[in-house]
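*Asks:* Can you keep this structure in mind? I'll have questions shortly.
The values are calculated or read from the model by the stated rules, or taken from the named source; none is laboratory data. The structure presented is a predicted model; accordingly, all values stated were derived computationally and were not measured. Positions of Cβ are generated from backbone atoms using ideal geometry, with glycine treated the same way; all protein chains shown enter the neighbour counts.
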Amino acid sequence: MFRDRMYRFMIGRNGVDQLGRFCLFVSMGLVILTWFTHWGIVYLAAMALLGYSYFRMMSKNISHRYLENQRFLQIADRITPVFKNAWAWVKSLAPSNPYRVYVCPSCKQKVRVPKGKGRIEISCPRCHNKFIKRT
């Protein structure tokens, strides 16, 4: 019932697109920031962004909202690879562990084995129990 009314209300309106979703997430982030900093200007910016995103959702000027969204996507396509490359660089700085650690089922001794060897039989150094695990 309510869902049908909302569906009829949204007919001919823009709805949620990528720019609207981005504005919603940024405004949520700004609201969370104001919880910690209590800066009024940040809160006003968050409410303005939230209002703009609702304006975009309820707008019946779909062609203008479509052009705005296309401009946003062009800018986002230029910026996104920069962040992906930066994240790959940050991940490359973190040391990777070439070993997996398993616990022997009988004596609970930790056993370190190399990663990427497939399904192997592991022999416990303490109790000499053998068990099979995938590395």
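*Asks:* Return yes when residue 31 is surrounded by 12 or more Cβ atoms within 10 Å (Cβ to Cβ) and not assigned by TED's automatic domain parsing to the domain that holds residue 13 and no when it is not.
*Replies:* Taking the combined requirement at face value, the residue does not satisfy it.
*Asks:* I'd like to know if region 91-100 contains one or more residues that are touching a residue at least 24 places away in the same chain (Cβ under 8 Å) and either farther than 30 Å from residue 28 by Cβ or under 32 Å from the mean Cα position of the chain (by Cα) (or both).
*Replies:* Yes, region 91-100 contains at least one residue that is touching a residue at least 24 places away in the same chain (Cβ under 8 Å) and either farther than 30 Å from residue 28 by Cβ or under 32 Å from the mean Cα position of the chain (by Cα) (or both).
*Asks:* Hey, another quick one. Could you please give the count of residues in region 1-33 that are touching a Leu at 6+ places or on another chain (Cβ under 9 Å) and either more than 14 Å from residue 54 (Cβ to Cβ) or assigned to a helix (DSSP H, G or I) (or both)?
*Replies:* 9
So that you can scan it fast, the table gives a plain yes or no per residue for (1) under 30 Å from residue 11 (Cα atoms); (2) out of contact with any His (no Cβ under 8 Å at 6 or more places or on another chain); (3) modelled with pLDDT under 90:
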{"residue": "41", "(1), (2), (3)": "no, yes, no"}
{"residue": "47", "(1), (2), (3)": "yes, yes, no"}
{"residue": "65", "(1), (2), (3)": "yes, yes, no"}
{"residue": "74", "(1), (2), (3)": "yes, yes, no"}
{"residue": "86", "(1), (2), (3)": "no, yes, yes"}
{"residue": "89", "(1), (2), (3)": "no, yes, yes"}
{"residue": "105", "(1), (2), (3)": "no, yes, no"}
{"residue": "113", "(1), (2), (3)": "no, yes, no"}
{"residue": "135", "(1), (2), (3)": "no, yes, yes"}
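*Asks:* Another question, if that's okay. Looking only at region 6-28, count every residue that is surrounded by 14 or more Cβ atoms within 10 Å (Cβ to Cβ) and among the aromatic types (Phe, Trp, Tyr) and tell me the total.
*Replies:* 1
*Asks:* Within region 1-29, work out how many residues are over 28 Å from residue 63 (Cβ atoms) and more than 17 Å from the chain's Cα centre (by Cα).
*Replies:* Adding up the residues that qualify gives 2.
*Asks:* Looking at 15, 40, can you tell me which residue is in the same structural domain as residue 79 (by TED's automatic domain parsing), of a type outside the set (Lys, Arg) and at positive phi?
*Replies:* Answer to the check: 15.
*Asks:* Considering only region 97-108, state which residues are exposed (fewer than 14 other Cβ atoms within 10 Å of the Cβ), of a type outside the set (Val, Ile, Thr) and within 13 Å of residue 131 (Cβ to Cβ).
*Replies:* The answer is 105, 106, 107, 108.
*Asks:* Right, next: Only one of these conditions is not met by residue 128: (1) on the phi > 0 side of the Ramachandran plot; (2) assigned to a strand (DSSP E or B). Which number is it?
*Replies:* Of (1) on the phi > 0 side of the Ramachandran plot; (2) assigned to a strand (DSSP E or B), only one is false for residue 128: (2).
*Asks:* Which residue, of 117, 84, is under 30 Å from the mean Cα position of the chain (by Cα), among the basic types (Lys, Arg) and exposed (fewer than 13 other Cβ atoms within 10 Å of the Cβ)?
*Replies:* Going through 117, 84 in turn, just one is under 30 Å from the mean Cα position of the chain (by Cα), among the basic types (Lys, Arg) and exposed (fewer than 13 other Cβ atoms within 10 Å of the Cβ): 84.
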